[in-house]
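The values are calculated or read from the model by the stated rules, or taken from the named source; none is laboratory data. These numbers were taken from a predicted model, which means no experiment stands behind them. Cβ: placed from backbone, ideal geometry, glycine included. Neighbour counts: every protein chain shown. Heavy atoms of the whole protein, side chains included, go into the accessibility calculation; ligands, DNA and RNA do not. Shrake-Rupley method; radii C 1.70, N 1.55, O 1.52, S 1.80 Å.
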Amino acid sequence: MEILAVFLVGLCCVLQSSGIEVEALENNGCQNFQPHTVMMQEKQSYRTSFHFQPPRNWLNDPNGPMWYKGVYHLFYQYNPYGALFGDFMIWAHSVSYDLINWIHLNHALCPTEPYDINSCWSGSATILPGKGPVILYTGIDANHCQVQNMAMPKNLSDPFLEEWIKFAQNPIMTPPDGVEGNNFRDPTTAWLSHDGKWSVIIGSWNNNQGMAILYRSEDFFNWTKYQDPLYSTERTGMWECPDFYPVSVNSTDGVDTSVLNAGVKHVMKASFNSHDYYMIGTYVPEIEKYIPDNDFTGTGMDLRYDHGKFYASKTFFDSVKNRRILWGWVNESDSIEDDMDKGWSGLQSIPRHIWLDRSGKQLVQWPIEEINKLHGKKVSFLDKKIDSESIFEVEGITAAQADVEVVFELPELQETEFLNLTAVDPQLLCSDANASIKGRLGPFGLLTLATKDLTEQTAIFFRIFKGLKGYVVLMCSDQSRSALRDEVDKTTYGAFIDIDPQRENISLRSLIDHSIIESFGGEGRACITNRVYPKLAIQEEARLFIFNNGTLSVTISSLNAWSMNKAQINHKENFI
């Protein structure tokens, strides 16, 4: 084939087998920004120390995470002009060798062309075997219509992939008949199917159905919409940031997105109604259908990645460590005025290793092992009984910047109270019975980011009930006393955990980082993320407590808590 002179050698490696004549645009549109003064961590109590965030301005969806030539890449939605979501969104770009310490690079994609002139919205990266990465992203075009575009690295030999070139024949997908121009976005990582064709899904809403519109291609450049969606349902809203990937049925290891065999199930995830919901099921490529084990119901019982603040997530397969990694956007819970005053808004969650639970009914998440590199001073103890209505402080660590793991034994399990689970929403149950409401077995757990007199506290705790078919474990996060401020969100979150407390102890791990708390209950079977903004329990004034407000005693089988060191998140001089 003929490749026009604007193509460089690295780009040729990606396109040489496409069989069509193409050209690319040298300028990604990000060269004209000027640097700004960097906001310093020490000036703000709510800036995090080991979560990913840019020096300033608005951040939202993680985009195109991948590993390439020894380097992890994270792109993300970013407003270079301020701390609020804007009408000129770009793909910012950072790199890491360990997913914990990061270097901010120049921006990867900015609005320049008619097909993305009003913003470069979310998308994904796909590694073409033997050829390198390609980005698919949503552009907001000159008519404010959502279209799908492609970009490739300028230099495939550069492990940082610092420069990207847009495909001159963009857009490669436009809204199909019947789909409105504002309901067609967020392409997934593509997978290579059984017939040698590439497949990708786009989030959409049509005929009162949320859906994953399926496109197929022989060459990755010419895409054709399949006759039917891969999946659709009337029980959701518009699907944003869909994700579709296989998980092993008998291992915690991850598998490449294109793997399809009897040893995997497939996860279909969609973002809607402020949460990330997912199903586990079977992908049938011969008829291009996804058959879930359990369909979405539109209720609080649907499976979620996280029952707190966590949205627009993206996974990627880490081929170096054979694991699948999950990122999620964690937005603010204070006011717009607060965000403008801070000069920034939004975090990325700690990267999570994600796999299929041994039950086959849900996913399990756990902070990646690299986070342990930041462990500092440690305190620990074993076999401590916590009597009814008792509380004690975990001293010796930096409570505003900590990693805490605690395991509870329940010696008086048979004495717990009854709960009929029919039509029970766990979040409402936690709201009605917050940390101050006494039960028999619970509430017990952690009081995080607390003042010494407990006037401020964020409680993460458990309650145990006896149900019709066994015991029920409820995990709650109570923000009602998180701050002596009225203008912040104080929602209480809740989730049931699918474990049998007769056979295993109840575990909780919480990563505390100034204004964010990520909690993992039941060894990662339930996750709740909070954003809190205490007025007094900040920096050295923050405290950490263990409490039991139930009438029955519990025992701490083990507790390990660490002060967390600050991650190294650096930037180039011209990062804005």
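How about the stretch 238-271: which of its residues are assigned to a loop (DSSP other than H, G, I, E, B) and closer than 18 Å to THR188 by Cβ?
Selection gives MET238, TRP239, GLY254, VAL255, ASP256, THR257, SER258, VAL259, LEU260.
I'd like the full set of residues that are more than 20 Å from VAL407 (Cα to Cα) and under 22 Å from the mean Cα position of the chain (by Cα), limited to the stretch 469-487. Don't jump to the end; show me each part of the working.
We begin by selecting, within the stretch 469-487, every residue more than 20 Å from VAL407 (Cα to Cα); these are 469-470, 479-487.
Across the stretch 469-487, the qualifying residue is only GLN479.
Which residue, of LYS438, LYS452, LYS466, is open to solvent by 10 Å² or more (accessible area, probe 1.4 Å) and out of contact with any strand residue (DSSP E or B) (no Cβ under 6 Å at 6 or more places or on another chain)?
Values: LYS452 fails: out of contact with any strand residue (DSSP E or B) (no Cβ under 6 Å at 6 or more places or on another chain); LYS466 fails: out of contact with any strand residue (DSSP E or B) (no Cβ under 6 Å at 6 or more places or on another chain).
One residue alone meets the criteria, LYS438.
Each residue in the stretch 187-208 was checked for being assigned to a loop (DSSP other than H, G, I, E, B), touching a strand residue (DSSP E or B) at 6+ places or on another chain (Cβ under 7 Å) and open to solvent by 10 Å² or more (accessible area, probe 1.4 Å), and 3 of them qualify.
Being in the same structural domain as GLN146 (by the TED database), crowded, with 22+ Cβ neighbours inside 10 Å and without any contact (Cβ under 8 Å) to a residue 60 or more places away in the chain is a property that holds for MET211.
Residues in the stretch 63-103 that are surrounded by fewer than 16 Cβ atoms within 10 Å (Cβ to Cβ) and either assigned to a strand (DSSP E or B) or free of Cβ contacts under 8 Å to residues at least 24 places away in the same chain (or both): 1 in all.
Cβ-Cβ distances below 6 Å connect the following pairs, each with a first residue in the stretch 156-167 that is under 15 Å from CYS110 (Cα atoms), a second residue that is part of a loop (DSSP other than H, G, I, E, B) and open to solvent by less than 50 Å² (accessible area, probe 1.4 Å), and a separation of six or more residues or different chains: GLU162/LEU105; TRP164/ASN28; TRP164/ALA108.
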